[in-house]
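Student: Have a look at the structure that comes next, please.
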Amino acid sequence: MARRGPKPKPKPKLRPKNRYQRHSKLSEAKFLEVLKGFSELTVSNQIASKTRISEKTVRELTWKIRFRMMDDIMNNRNIFQGIRRYLFDGGKILPRGQRLLDDAGAVDPMILYTMLHRLNGRRLTERHYSALVIENAVRAYCRMAGQPYGLFEMSDELKNTYKVIKDSAEGLAKAEVTAENMQEYEALVAENARLLKDAEEVLDLEQRMAVADAHRSYVSPNQVIYNDLRKSLVKKPL
């Protein structure tokens, strides 16, 4: 009769060598060093020297990370300080988003890439170029998001309303007042003052809401990019 005893414990599942990249030869620690270097805009040969990884591998990996950054923006409303909500609304690019992308594209991505990496005769495709523009936009946005009122923009509707009221006030100041129109003039001045006060209060409320929405303990833009990419890569490795 077979001897009974405690059941053998199931073998623990082996943790993958690198949770951030499938079938990777890199250790997780080295991968994170590359990710940190990318987040901090470190030149590829410096990352390679520090990690003892070939510069070619570093370049290829940073491109994969850059493409992931672009994909994440399209699929995640909250990543990188909510940049997607700043850029798009209902699938359409917002005017403020277009301005941010235009500013990001004004820093020639080819120059930036050439500064950070060796091209080795490679030509950049449109997708490469787009990824570089998005990267520049994310870095600029994260810098702005860390500043008080950095992302606040008065709505066009409020701008126009405020302008109409101010123009009306200037017109009243130049108007001729007579005994016949004195009562009507005073009523118009009072109404204009009330509208101007209301508009200023709405503007102040929008500003306070923008600050409250963005309020958080300060985290450097590089750290935001590193943290968010790391979370994304854990959920969906390269």
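The values are calculated or read from the model by the stated rules, or taken from the named source; none is laboratory data. Every value quoted in this text rests on a predicted model; they were computed, and no experiment measured them. Neighbour counts are summed over all protein chains in view; Cβ atoms, including those assigned to glycine, are modelled from backbone coordinates with ideal geometry. Ligands, DNA and RNA are excluded from the accessible area calculation, which covers all protein heavy atoms including side chains. Shrake-Rupley method; radii C 1.70, N 1.55, O 1.52, S 1.80 Å.
Student: Mind counting the residues in region 45-74 that are open to solvent by 70 Å² or more (accessible area, probe 1.4 Å) and among the small types (G, A, S)?
Tutor: Here the count works out to 1.
Student: What helices (runs of 4 or more DSSP H) lie completely within region 30-111 and have 1 or more residues being under 14 Å from the mean Cα position of the chain (by Cα) and touching a residue at least 24 places away in the same chain (Cβ under 8 Å)?
Tutor: Those helices (runs of 4 or more DSSP H) span 55-75, 79-87, 95-106.
Student: Shifting gears a bit: Taking the criterion of being modelled with pLDDT under 80 and either open to solvent by 100 Å² or more (accessible area, probe 1.4 Å) or of a type in the set (K, R) (or both), would at least one residue in region 186-205 satisfy it?
Tutor: No.
Student: If I filter region 206-213 for residues that are polar (S, T, N, Q) and at pLDDT below 85, do I get at least one hit?
Tutor: Within region 206-213, one or more residues are polar (S, T, N, Q) and at pLDDT below 85.
Student: In addition: Cβ-Cβ below 8 Å, separation at least six or inter-chain, first residue in region 225-238 and in a loop (DSSP other than H, G, I, E, B), second open to solvent by 60 Å² or more (accessible area, probe 1.4 Å): which pairs?
Tutor: P237/R19; P237/R22; L238/R22; L238/K64
Student: So R77 ticks every box in (1) among the basic types (K, R); (2) at pLDDT 95 or above; (3) surrounded by fewer than 16 Cβ atoms within 10 Å (Cβ to Cβ) but one. Which box is left unticked?
Tutor: If we test R77 against (1) among the basic types (K, R); (2) at pLDDT 95 or above; (3) surrounded by fewer than 16 Cβ atoms within 10 Å (Cβ to Cβ), just (2) comes out false.
Student: Something else about it: Within region 56-68, identify whether any single residue is at pLDDT 90 or above, at negative phi and of a type in the set (S, T, N, Q), and answer yes or no.
Tutor: Yes: one or more hits.
Student: Of the numbered conditions (1) under 30 Å from V34 (Cβ atoms); (2) open to solvent by less than 70 Å² (accessible area, probe 1.4 Å); (3) modelled with pLDDT of 75 or more, Q223 fails exactly one; give the number of that condition.
Tutor: Only one criterion is unmet by Q223, namely (2).
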